[in-house]
1. Quick check on region 210-354: take the gyration tensor over C-alpha atoms, sort the square-rooted eigenvalues as a ≥ b ≥ c, and tell me if it's rounded (a/c under 1.5), prolate or oblate.
2. Run the simple label-point estimate for residue 241 and residue 126 please: 7 Å along Cα→C-beta, distance reported in nm.
3. May I ask for the angle, rounded to the nearest 10°, between helix 139-151 and the longest principal axis of the chain, with both axes built from Cα atoms and the value confined to 0 to 90°?
4. Once all Cα-Cα distances of region 56-158 are split into 10 Å bins that start at 0, what whole-number percent is in each one?
5. For a footprinting-style exposure proxy, rank 317, 193 by other Cβ within 10 Å, fewest first.
6. Roughly what would the spin-label model give for residue 51 and residue 286, points 7 Å off Cα along C-beta, in nm?
7. How much length is gained on full extension from residue 316 to residue 114, taking 0.36 nm per residue of separation minus their Cα-Cα distance?
8. To the nearest µm²/s, what D does Stokes-Einstein give for region 138-289 at 37 °C and 0.692 mPa s, using the Kirkwood radius over alpha carbon pairs as Rh?
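What follows is calculated from the coordinates using simple rules that are stated; it is not laboratory data. On a predicted model such as this, the values are computed, not experimentally measured, just so you know. Counting neighbours? That spans all protein chains shown, and the Cβs are built from the backbone with ideal geometry, glycine included.
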């Protein structure tokens, strides 16, 4: 039985490793546009130069799993069509292409591997006193702004978002805002409508503008168009519509996991990717064994946001992802965040999700 895994982030890598353990006789091939496993939750560190965010993909996969480096054009009736020519047949396919960024012209996206590398080079070339504007008040924006401000205190860092740190609440949000203040990050709650280093400014919906020698786009939104291009049913965001077992409603041979799957109530992140990938493999294993699959149970435990290398906030959630008041902060929060990040990569390599 030939099983293809398209995408080698947290979800795809975990799925591939779990498949060879759980599905007897599966010949697993991972198709990915690069030969590296990218830790997307560390991309803000790559931007600021405080850490790398990739390792050889081969080192993350079990023996016997084949790797095919290349772009995918579409999925078509049991065949994967590669960009530039070539096809791969499959009996089952795991769609795990993740999410992406749709930056405004003149900005550099920090939520992609290529964009993070471009941002790192641009930051290194900036002189002291230059203005860096980070666009996006969510976790990616907060982590990028604090990391850059900590590593380059000679720069003038500004964070712009409609509502900053609104993924947290109460005292947890107050901690995040206080950390931004300690690092001298200017906060502007507004919407950026235009930007460009060539213009030396960002334009705001309110009608004003701000100086900017470099504009970093820290909004992760949307997914690659592979599902839509392949004719699968997708939602308004382009995510593959799935049944309760994570199978595409268009083709039961395809299971979609992670950010590219339209699971009601799910949010982007490795805390979504790992559990969905593990469950989807278990669904296939049960089907192959002639057993009834179980529906995917959506569960969350917390939201973690780095605030530099020695600070972070982890706010606990109810299983439905609604926020609780309990949280960790400071060095304890930073240690917790680092353990979670390491656990995500470890789980992907071992083929399990906690």
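1. Values: a/c = 2.29, a/b = 1.44, b/c = 1.59.
Taking the square roots of the gyration eigenvalues as a ≥ b ≥ c, region 210-354 is oblate.
2. 4.3 nm
3. 50 degrees
4. For region 56-158, the pair-distance distribution reads 11, 31, 24, 21, 12, 2.
5. Working: 317 16, 193 13.
The fewest-first ordering by Cβ neighbours comes to 193, 317.
6. Roughly 3.5 nm, to one decimal.
7. Values: separation 202, 0.36 × 202 = 72.72 nm, distance 3.19 nm.
Roughly 69.5 nm would be gained on extension.
8. Working: Rh = 18.2 Å.
Using the Kirkwood radius from Cα pairs, D works out to 181 µm²/s.
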